Amino acid sequence: MEKTGFRLYLLFVLSYFLHLPARIPALGVIRSDFVLMAAILATIVVGAKDQAQEMNFQERSTRILWYLVLYILCTLPFVTWPGSVLHSGIPDFSKVVVFYFFTIYLVNTESKLKVFVAVVIGAQLFRVAEPLYLHLTQGYWGDFTTMEPGVYLTRLSGAPHDVVNPNGLAFVIVAIVPFLHYFLMRRTFFHRLVYLGLLSVLMYALLLTESRTGLVGLMIVLLMIISKSRYKALGILIVISALLIVPLSMSKLQRDRYLSTVDYHVPGGATSEGRISGLIRDFKVGLERPIIGHGMGTSEEANFNVAGVGQPSHDLFTEAFQELGFCGLFIVLLYIASVFRNLKAAGQIVGRSWIENNSGLARMTYALQAWASMYLVTSLATYGLSTYGWYLIGGLAVVVRRLVEEQGTTQTVSPEKEADESPFGAQPEIDFLEPDQGLEPWRHDS
């Protein structure tokens, strides 16, 4: 049953990220994603009762998420729009929170972790390649932004069957980068060639999204990679060179778009300034129901009815405040903190025994740390309570921490133990260009 559940989970991942129900109408009619979720849950209940019970009681992140689920259900009668919560809030939330639970229950060996991450990254690469192909062959863009009255800048968004907007596509691109770096930037010429080729395509697609937040996220990822490199000066030099050279290939509107991140006086600066005023507005909307919030998934509805703006809060934390109130926001913050505790624990273990530790798990730890750091910063400028990001990162953090404790150490480090050095614990410096150095190949489980 466990193998069946894992295979169904891989199918669910492909269906969710590639939006198969939208591509195949028959799947949409039967609500295939929910059918898969029910089938996966059945395999867990039937085949892994003991394991699930142990995880529920011992894993801090799991307990906190259960508290969040119970909080949403218990406050349902008291929120502003319980009908909206039942109609869309809870269904949308259930489709993403399962990424955490399914991951910790079903991805329980190195070989499964390798296959799972390969499927996730492969699906995300397809999500980038499809709109880019349509752009190059058919002139597809998918979205635009207003730079100033009468002046518009086209932006690349997800493909027609994908729901991701330009910023969302940028986050998909940036999340792929650390995994490609740590798993493809190897000693062989072929792996480096593939890595550089994919990286070039991803960076081109990122520029087409015109996403300022995506660019900030990329800087966070690069800083995380460089911080673990033996050649920090070389890494910084490469980044500075790219920042000086790439703008030369941009149009004036594109340069103004990115300059507006720090200069509100250039065309497009009004949208950046609007983010600040938007946060203040969103907070005031949340103050209408400060204790338990307006209801899960009702941020857009609350903004429309209270402030007359029909869009959800573009900040994870004000979004959580609006929908769940101070009590729910506190639970969300506890969960995010638990994710970083797990990553810190894994980083401490890898840092103390990294040569002996499994190299695949070491790379996975570094990639997840970069992804989580990027996601934390970009969460200040995008919604995410009902998106998969934090739940998938949290599930993978639990799996990686558990596997490095089991296979790579002689001394287990508790997630609650404070790190003496970096926020992620003591870690080795690795070669920016050759992260394999001193590491063994990925060992497969039998």
How do the peptides 384-393, 115-124, 219-228 rank, highest first, by the average count of neighbouring beta carbon atoms within 10 Å per residue?
384-393, 219-228, 115-124
Using only the Cα atoms of region 298-350, each taken as one equal point scatterer with no solvent, compute I(q) by the Debye sum, divide by I(0), and report log10 of the ratio at q = 0.15, 0.28 Å⁻¹.
-0.52, -0.97
Cα-Cα over 24 Å, subset of LYS114/LYS232; LYS3/LYS95; LYS228/LYS344; LYS114/LYS228; LYS3/LYS114
LYS114/LYS232
Using θ = phi - 60° and the Karplus form 6.51 cos²θ - 1.76 cosθ + 1.60, what ³J(HN,Hα) does each residue of region 2-7 get, whole Hz, x for Gly and Pro?
5, 5, 4, x, 5, 5
Inter-label distance, nm, simple model (7 Å from Cα along the C-beta direction), VAL46/LEU334
3.5 nm
Sticking with the crude label model, points 7 Å out along Cα→Cβ, report the distance from TYR152 to ALA233 in nm, one decimal please.
5.0 nm
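Looking at region 119-227 from every direction and averaging, what is the projected area of its Cα convex hull in nm²?
7.8 nm²
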What full-extension length gain, to one decimal in nm, is calculated for HIS87 and CYS74 as 0.36 nm per residue of separation minus the Cα-Cα distance?
3.0 nm
Please list LEU253, LEU208 in order of solvent-accessible area, largest first, computed with a 1.4 Å probe with all protein chains present.
LEU253, LEU208
At the level of C-alpha centres, the distance separating region 278-300 and region 100-173, in angstrom, is 28 Å
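The values are calculated or read from the model by the stated rules, or taken from the named source; none is laboratory data. All figures in this text were calculated on a predicted structure; none of them were measured in a lab. Counting neighbours? That spans all protein chains shown, and the Cβs are built from the backbone with ideal geometry, glycine included. Note: areas computed on protein heavy atoms with side chains; ligands, DNA, RNA excluded. Shrake-Rupley method; radii C 1.70, N 1.55, O 1.52, S 1.80 Å.
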